[in-house]
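For reference, the structure is listed below as structure tokens.
The values are calculated or read from the model by the stated rules, or taken from the named source; none is laboratory data. The model shown is predicted, which means the values in this text are computed figures rather than measured ones. All Cβ positions, glycine included, derive from the backbone under ideal geometry; neighbour counts span all protein chains shown. When the accessible area is computed, the model is the full protein with side chains, heavy atoms only, and any ligands, DNA or RNA have been set aside. Shrake-Rupley method; radii C 1.70, N 1.55, O 1.52, S 1.80 Å.
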Amino acid sequence: MFTRRHLLANAVAAPAILRFGIGTAHAATTLKISHQFPGGTIDKGDFRDRLCRMFAAEVSKRSNGDIAAEIYPNSSLIKTNAQFSAMRKGALDISLYPMPYAGGELPETNIGLMPGLVTTYDQGIRWKKEPVGKALSDFLADKGIILLSWVWQAGGVASRSKPIVAPEDAKGMKVRGGSREMDMVLQTAGASVLSVPSNEIYAAMQTGACDAGITSSTSLISFRLEEVAKSLTSGAGTSYWFMLEPLMMSKAIFDKLPKNQQDILVAVGEELEAFGRKGAQDDDIEVAKVYEKAGAKVSALDAATVGKWRDIARDTAWKDYGAKTATAANLLKLASDVAA
């Protein structure tokens, strides 16, 4: 089990890289963990970076130093969009990675941000133990990816001008949606879309290339979008935008490890899922405070408004996704069963 004292005792921070548990009798297996989010410490900063640091510290502790890890925040090791492919090839060990960012390579992964499909944390978290979770895990394993920690995040909208709450509010706006399917919904609502990673939204909004960005509450905070926004739509109660952003590992690297080390990685990853949920939900509340303090207008979503977005998604994004491949169709059906 995790305790703050154990974690802090096993973590030694450097400005950009953490090194854990170098064994004294023999060289440790050193895993590189990359992500696109701001770096911090094991107890302060973006919870996604903290999760990676906690993971690294705990696997070092449980392996008696046989597993070491180096953390590379801010896409400092590998560019954001290239991380998924690098893991599949065995060129990167682990990443906390937004699943739909891999949609250009594997369209089936866009199930991780299907508008209106997941509307609460309870619903998303149920995926792991439902048939959809097994089907998704099996598909990714076949493509070279192991899921270590399932992390879901609700999202909201930061806008340079008027709030985007209902679909009709998006008409005429240039909006970053976060996935191909979200872009389809926005376009149907009358918006034009911009496809960039969340760590590039600030620059796009600052220059006017983008009027509004939809992203997780944590990214709305960590990337300081309140500095370029006049309004926020919060997804704290319910949202049509839920992203699966798990801690992933290269199967090629995982398979080379001895069974006892594999078991440690899997066990620690699963135990950190509760931390991931709490971090995401805490930020759903914190984001409104941050934006209010910056002088932005804060609006909330309700079930009826989420239903409007879902209705558009069913007729556009869901149909398009389900027609991509037999695997996509099956994943959509199984996920819809969880939502029912």
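Give me the pairs: first residue in segment 256-270 and closer than 19 Å to GLY90 by Cα, second residue open to solvent by 60 Å² or more (accessible area, probe 1.4 Å), beta-carbon distance under 9 Å, and six or more apart or on different chains, which are they?
Pairs that qualify, where the first residue is closer than 19 Å to GLY90 by Cα and the partner is open to solvent by 60 Å² or more (accessible area, probe 1.4 Å), are GLN262/ASP255.
Does SER85 fit the bill of being open to solvent by less than 50 Å² (accessible area, probe 1.4 Å), in a helix (DSSP H, G or I), without any contact (Cβ under 8 Å) to a residue 60 or more places away in the chain and within 15 Å of MET248 (Cα to Cα)? Walk me through it before giving the result.
Working: open to solvent by less than 50 Å² (accessible area, probe 1.4 Å): yes; in a helix (DSSP H, G or I): yes; without any contact (Cβ under 8 Å) to a residue 60 or more places away in the chain: yes; within 15 Å of MET248 (Cα to Cα): yes.
It is true that SER85 is open to solvent by less than 50 Å² (accessible area, probe 1.4 Å), in a helix (DSSP H, G or I), without any contact (Cβ under 8 Å) to a residue 60 or more places away in the chain and within 15 Å of MET248 (Cα to Cα).
Among the residues of segment 54-82 satisfying the criterion of being among the charged types (D, E, K, R) and touching a residue at least 24 places away in the same chain (Cβ under 8 Å), which is least open to solvent (accessible area, probe 1.4 Å)? Quick ask: steps written out before the conclusion?
Restricting attention to segment 54-82, the residues satisfying the condition of being among the charged types (D, E, K, R) are 58, 61-62, 66, 70, 79.
Pick out the ones that are also touching a residue at least 24 places away in the same chain (Cβ under 8 Å) and you get 58, 61-62, 66, 70.
Values: GLU58: 3, LYS61: 74, ARG62: 73, ASP66: 44, GLU70: 22 Å².
Among them, the one singled out is GLU58.
List every residue pair whose Cβ atoms sit under 8 Å apart, with the two residues 6 or more apart in sequence or on different chains, where the first one lies in segment 128-140 and is of a type in the set (S, T, N, Q) and the second, anywhere, is not in a helix (DSSP H, G or I).
Within 8 Å, the pairs are SER137/LEU147.
Within segment 285-302, identify whether any single residue is open to solvent by 30 Å² or more (accessible area, probe 1.4 Å), farther than 27 Å from GLY103 by Cα and within 20 Å of the chain's Cα centre (by Cα), and answer yes or no. Quick ask: steps written out before the conclusion?
Going residue by residue through segment 285-302, those that are open to solvent by 30 Å² or more (accessible area, probe 1.4 Å) are 285-286, 289-290, 292-295, 297-298, 300, 302.
Next, only the ones that are farther than 27 Å from GLY103 by Cα stay: 285-286, 289-290, 292-295, 297-298, 300, 302.
Retained after the next criterion (residues that are within 20 Å of the chain's Cα centre (by Cα)): 285-286.
Yes, segment 285-302 contains at least one residue that is open to solvent by 30 Å² or more (accessible area, probe 1.4 Å), farther than 27 Å from GLY103 by Cα and within 20 Å of the chain's Cα centre (by Cα).
Mind checking whether some residue in segment 157-164 is on the phi < 0 side of the Ramachandran plot, open to solvent by 20 Å² or more (accessible area, probe 1.4 Å) and touching an Asp or Glu at 6+ places or on another chain (Cβ under 6 Å)? Step through it out loud before you land on a result.
Restricting attention to segment 157-164, the residues satisfying the condition of being on the phi < 0 side of the Ramachandran plot are 157-164.
Remaining after also requiring open to solvent by 20 Å² or more (accessible area, probe 1.4 Å): 160-163.
Next, from what is left, pick out any that are touching an Asp or Glu at 6+ places or on another chain (Cβ under 6 Å): 160.
Yes, segment 157-164 contains a residue that is on the phi < 0 side of the Ramachandran plot, open to solvent by 20 Å² or more (accessible area, probe 1.4 Å) and touching an Asp or Glu at 6+ places or on another chain (Cβ under 6 Å).
So LEU232 ticks every box in (1) farther than 30 Å from ASP93 by Cβ; (2) of a type in the set (A, V, I, L, M); (3) part of a helix (DSSP H, G or I) but one. Which box is left unticked?
Among (1) farther than 30 Å from ASP93 by Cβ; (2) of a type in the set (A, V, I, L, M); (3) part of a helix (DSSP H, G or I), the lone unmet condition for LEU232 is (3).
Kindly establish whether ALA317 is closer than 30 Å to LEU225 by Cα and open to solvent by less than 20 Å² (accessible area, probe 1.4 Å).
On the way: closer than 30 Å to LEU225 by Cα: yes; open to solvent by less than 20 Å² (accessible area, probe 1.4 Å): yes.
Yes.
Report the residue count in segment 182-208 for those that are under 20 Å from ASN81 (Cα atoms) and assigned to a loop (DSSP other than H, G, I, E, B).
So the answer is 3.
What number of residues in segment 182-222 are touching a residue at least 60 places away in the same chain (Cβ under 8 Å), open to solvent by 30 Å² or more (accessible area, probe 1.4 Å) and more than 23 Å from MET99 (Cα to Cα)?
Residues meeting the conditions: 1.
For the list (1) under 22 Å from PRO38 (Cβ atoms); (2) open to solvent by 10 Å² or more (accessible area, probe 1.4 Å), I need the number of the one condition that LEU225 fails.
Result: LEU225 passes all but (2).
Looking only at segment 243-282, filter to residues that are open to solvent by 10 Å² or more (accessible area, probe 1.4 Å) and not in a helix (DSSP H, G or I); which one of those is farthest from GLU181 (Cα to Cα)?
The qualifying residue farthest from GLU181 (Cα to Cα) is PRO258.
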